1. Any residue at all in the stretch 26-39 that's without any contact (Cβ under 8 Å) to a residue 12 or more places away in the chain, exposed (fewer than 15 other Cβ atoms within 10 Å of the Cβ), in a strand (DSSP E or B) and not hydrophobic (A, V, I, L, M, F, W, C)?
2. Would a scan of the stretch 122-140 turn up a residue that is open to solvent by 30 Å² or more (accessible area, probe 1.4 Å), within 19 Å of residue 45 (Cα to Cα) and in a loop (DSSP other than H, G, I, E, B)?
3. Hey, could you check the stretch 101-121 for residues that are of a type in the set (Ser, Thr, Tyr) and over 20 Å from residue 66 (Cβ atoms) and say which is surrounded by the fewest Cβ atoms within 10 Å (Cβ to Cβ)?
4. Checking residue 92 against (1) open to solvent by less than 60 Å² (accessible area, probe 1.4 Å); (2) in a strand (DSSP E or B), which test does it fail?
Amino acid sequence: MALLFIIISIISCDNKQLFDEYKTVPGSWEASDIMQFVLPELDSIKQYNLFINVRNTNEYPYSNLFLISKMRFPNGKIVTDTLEYEMAQPNGDWLGTGFTDTKENKLWYKEGVRFYEKGVYTIELQHAMRKNGEVNGIRSLEGITDIGFRIEYAQNP
């Protein structure tokens, strides 16, 4: 039993991870629901890689995911991005990892970022899904169970 604990501890060690937080989606992800992550204070000299984590089930009806992200800086500046991620292969098999019907996707957001300003940075994420050819977006998105945000050191500390 002790050997199993040691093996799990070694495998789960992640020396690049600095921040990893999830927000659970209650039922379905409403278009008006904004997932907000308050980032820890980060060293202005170091570079970081930023990721969006998404957990989806077989109930997710699309092969891609559109997100709107907002990074709020301490000085009030806001950087908004519209992002598209592939969630399934062309044959319909889910991308991501997991042995059950829930798959976890670690999606690139920004690479080699420095946080020069002192103060609180926040990340806001909301879905921007719509059906092809339709103007109005999808209000309620099924099959997404959790949204997360992760910060890793760009190089080992």
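1. The initial filter retains those residues of the stretch 26-39 that are without any contact (Cβ under 8 Å) to a residue 12 or more places away in the chain, namely 26-27.
With the extra rule that they be exposed (fewer than 15 other Cβ atoms within 10 Å of the Cβ), the set shrinks to 26-27.
So of that shortlist, the ones also in a strand (DSSP E or B) come out as none.
No, the stretch 26-39 has no match at all.
2. No, the stretch 122-140 contains no residue that is open to solvent by 30 Å² or more (accessible area, probe 1.4 Å), within 19 Å of residue 45 (Cα to Cα) and in a loop (DSSP other than H, G, I, E, B).
3. Per the criteria, the residue is 116.
4. Exception for residue 92: condition (2).
The values are calculated or read from the model by the stated rules, or taken from the named source; none is laboratory data. Everything quoted here is computed from the prediction, not taken from an experiment. Glycine also receives a Cβ, built like all others from the backbone with ideal geometry; neighbour counts cover every protein chain displayed. Ligands, DNA and RNA are excluded from the accessible area calculation, which covers all protein heavy atoms including side chains. Shrake-Rupley method; radii C 1.70, N 1.55, O 1.52, S 1.80 Å.
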